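The values are calculated or read from the model by the stated rules, or taken from the named source; none is laboratory data. Since the model is a prediction, treat every value here as computed from it, not as a measurement. Here the Cβ positions follow ideal geometry from the backbone for every residue, glycine too, while neighbour counts run over all protein chains shown. The protein model used for the area step is the full one, side chains on, heavy atoms only, and it has no ligands, DNA or RNA in it. Shrake-Rupley method; radii C 1.70, N 1.55, O 1.52, S 1.80 Å.
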Amino acid sequence: MADESGLNPFVFACQGGLVLDQSTFAMQPGMALELENFEPATTGGYRRISGYTKWNTNIVPQDQSATESVLMSAHFKGNVIAARGRKIYKGAAGSGSWTEIDTGRTGAGRYTFFRYNLGGTDKIVWADGANHASIYNNSSIVDLNSTGAPADPSIVVGHKNALFFAGTSSNPNEVIYTAPETDTDFSTGNGAGAFSLDSAVTGLFPFREDLFIFCEERIYKLVGDSFANYIVQPVTREIGCTNGFTIQEFAGDIVFLGPDGLRTVAGTAKIGDVELGTISRAVQERFEGLSDVDEFDSVVIPDKTQYRIFFSNASTPRSTTTGVICVRKGDVYEFADIKGIRSSSTDNVVVAGSSIVVHGDFDGYVYRQEQGNDFDGNVVTGKYRSPDLTMGDSGIRKSFDRVIINYAPEAAVSADLFVRYDYESPNVARPAAYPFDTTTSVAVYGSSSYGVATYGGQSNPLIRQPIEGSGFAIALRVNDRGTSAPYSLKGFQLEFQADARR
């Protein structure tokens with residue numbers, strides 16, 4: 001309803017995430033046609049993502065070539081275990097050096113690893129697809145090369161106090177496991193064993209009481225407690241996992257990359273039953289025509305209920321490397337594009353209640369995500385575009401007077417607001433950018449200077465920006481300039497006068 005000035009208000013909250021599979025007429029106003037480096041926040045709105053910084057200011061030492069990527073970045077006992085070339089190192093956060101802990105791993109590929117405790121000792125086991133798997137207890141290495149041990153597994157996990165291996169070159173369909181309560185005993189007489197499936201194994205993942213076995217074209221689960229009662233049950237013979245490094249436990253389910261995008265394996269109310277679902281329909285086009293699927297990577301940020309998949313490629317510059325953010329909100333998933341993180345290995349762990357998220361890069365460094373405002377000195381540009389908004393009637397021209405932005409700053413914001421009319425038709429006037437610059441609008445203690453910024457401002461202030469122009473539809477764009485600290489776009493109010501129907 002128009003107010004005394006004749007203006008009609010149109011209010012919408014930023015929610016729904018990136019949606020690419022609906023007509024602009026069907027989209028809800030709060031959804032986004034573009035959402036790059038703005039994450040759907042569990043606290044509401046779209047938040048410009050945080051940056052990353054080097055875990056250790058020193059590069060992981062190269063072995064034979066400066067082009068060697070970081071093949072493993074695993075957090076263990078306060079350090080990061082990093083593999084590069086034929087060697088493995090550990091390094092603390094900060095400016096210390098990397099300490100070599102293993103060498104001679106000829107032809108190593110990307111590592112899988114698993115942290116566990118056996119007999120009161122914390123351990124980590126890893127496999128690289130070319131050498132024997134190894135166990136590290138923070139002081140010494142044990143290579144698993146006894147009789148019966150797999151020669152070159154690429155996959156290792158722990159389940160029911162035993163280790164499970166898969167992905168050997170001689171039999172990619174086989175799963176091998178140690179005897180119960182051991183991590184080095186491969187004697188069948190003590191309960192170790194192996195079984196083969198009818199498709200190559202791409203990933204193993206313990207979930208609740210079962211071990212899920214992902215294959216290229218199948219999914220199985222192993223139930224039971226030991227060799228005496230192990231049973232392999234089919235989950236589906238229609239869908240497989242194309243990349244085991246995309247398998248993550250996320251929001252109480254398992255997420256993985258299937259041939260048609262992101263899927264979940266979800267526990268149901270029925271004990272022992274599971275269901276499969278496709279969750280990425282809204283951004284399905286992001287998963288079409290992708291090459292080099294083997295190099296993709298993923299990580300979970302638990303305190304944000306967020307899954308990130310990176311479309312990494314050794315030959316793609318970091319600045320153009322893309323990916324997808326997936327956030328679980330209640331029973332729905334919201335998505336956004338991510339750009340500028342080129343991951344060759346990842347890990348996430350919760351230590352003393354704090355999430356630690358790291359990734360190794362193809363440049364030889366290990367980085368910690370969710371730190372700072374930029375990508376290790378490189379800007380984080382963000383983009384948001386609303387749907388084309390008709391205020392319920394695309395046949396009436398509207399003259400726009402003002403846009404009110406509701407946002408939540410964490411420090412100063414430096415961005416531009418663009419207003420575009422009639423589906424960005426080239427024949428319609430395009431107003432110049434309106435500054436969305438809030439240096440003096442609100443201040444965050446510890447981030448602003450006394451006498452320059454305004455302390456005591458609202459935590460969710462409003463910016464009232466007069467605009468000009470008219471059209472049958474309007475779209476709002478926010479382009480972050482890359483120098484802002486993170487902030488959240490919460491919602492907008494458009495004020496307009498309805499003109500005659502045309």
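Quick notes on this one:
- Strands (runs of 3 or more DSSP E) wholly inside the stretch 131-217 that include at least 1 residues being touching a residue at least 12 places away in the same chain (Cβ under 8 Å), polar (S, T, N, Q) and touching a Gly at 6+ places or on another chain (Cβ under 8 Å): 201-207
- Of the residues making up the stretch 305-322, those that are closer than 13 Å to ILE49 by Cβ and surrounded by fewer than 22 Cβ atoms within 10 Å (Cβ to Cβ) number 0.
- Taking the stretch 237-299 and the strands (runs of 3 or more DSSP E) fully enclosed by it, the elements with 3 or more residues that are at pLDDT 95 or above and within 28 Å of SER73 (Cα to Cα) are at 243-250, 253-258.
So that you can scan it fast, the table gives a plain yes or no per residue for (1) open to solvent by 30 Å² or more (accessible area, probe 1.4 Å); (2) at pLDDT 95 or above; (3) not in a strand (DSSP E or B); (4) not acidic (Asp, Glu):
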{"site": "GLU4", "(1), (2), (3), (4)": "yes, no, yes, no"}
{"site": "GLU39", "(1), (2), (3), (4)": "no, yes, no, no"}
{"site": "ILE59", "(1), (2), (3), (4)": "yes, yes, yes, yes"}
{"site": "GLU68", "(1), (2), (3), (4)": "no, yes, yes, no"}
{"site": "VAL80", "(1), (2), (3), (4)": "no, yes, no, yes"}
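- Of all residues in the stretch 98-112, those satisfying the criterion of being in a loop (DSSP other than H, G, I, E, B) and surrounded by 11 or more Cβ atoms within 10 Å (Cβ to Cβ) are TRP98, THR103, ARG105, ALA108, GLY109, ARG110, TYR111.
- Qualifying residue in the stretch 338-349 (condition: part of a strand (DSSP E or B), open to solvent by 50 Å² or more (accessible area, probe 1.4 Å) and under 30 Å from ARG420 (Cβ atoms)): yes
- Residue ID - farthest from LYS54 (Cα to Cα), chosen from residues in the stretch 329-346 that are among the charged types (D, E, K, R) and at pLDDT 95 or above: GLU334
- Within the stretch 228-255, residues that are without any contact (Cβ under 8 Å) to a residue 40 or more places away in the chain and of a type in the set (A, V, I, L, M, F, W, C) sit with their Cβ atoms under 6 Å from residues that are surrounded by 15 or more Cβ atoms within 10 Å (Cβ to Cβ) and not in a strand (DSSP E or B), at 6+ positions apart or across chains, in these pairs: ILE231/GLY224.
- When VAL201, VAL223, VAL255, VAL232 are screened for being farther than 20 Å from GLN306 by Cβ and crowded, with 23+ Cβ neighbours inside 10 Å, only VAL201 passes.
- Which listed residue is in contact with a helix residue (DSSP H, G or I) (Cβ under 9 Å, 6 or more places away or on another chain) and at pLDDT 95 or above, from ARG115, ARG110, ARG105: ARG110
- Answer residue from the stretch 359-379, given it is under 15 Å from ILE59 (Cβ atoms) and open to solvent by less than 10 Å² (accessible area, probe 1.4 Å) and is farthest from the chain's Cα centre (by Cα) among those: GLY364
- Meets criteria (part of a loop (DSSP other than H, G, I, E, B) and in contact with a helix residue (DSSP H, G or I) (Cβ under 6 Å, 6 or more places away or on another chain)) for VAL380: no
- Residue that is nearest to PHE492 (Cα to Cα) [pool: residues in the stretch 406-430 that are out of contact with any Leu (no Cβ under 7 Å at 6 or more places or on another chain) and aromatic (Phe, Trp, Tyr)]: PHE418
- Within the stretch 439-502, strands (runs of 3 or more DSSP E) holding 3 or more residues that are modelled with pLDDT of 95 or more: 474-480, 487-501
- When ALA133, ALA228 are checked against the criterion of being of a type in the set (A, V, I, L, M) and modelled with pLDDT under 95, a single residue qualifies: ALA228.
- For PHE25, the test of being more than 24 Å from the chain's Cα centre (by Cα) and open to solvent by 40 Å² or more (accessible area, probe 1.4 Å) is passed.
- GLY91, sole failed condition from (1) on the phi < 0 side of the Ramachandran plot; (2) open to solvent by 50 Å² or more (accessible area, probe 1.4 Å); (3) not aliphatic (A, V, I, L, M): (2)
- Selection from the stretch 218-236 of residues that are in contact with an Asp or Glu (Cβ under 8 Å, 6 or more places away or on another chain) and in a loop (DSSP other than H, G, I, E, B): ARG218
- Conditions (1) hydroxyl-bearing (Ser, Thr, Tyr); (2) more than 24 Å from SER355 (Cα to Cα); (3) in contact with a Pro (Cβ under 8 Å, 6 or more places away or on another chain): number failed by THR103: (3)
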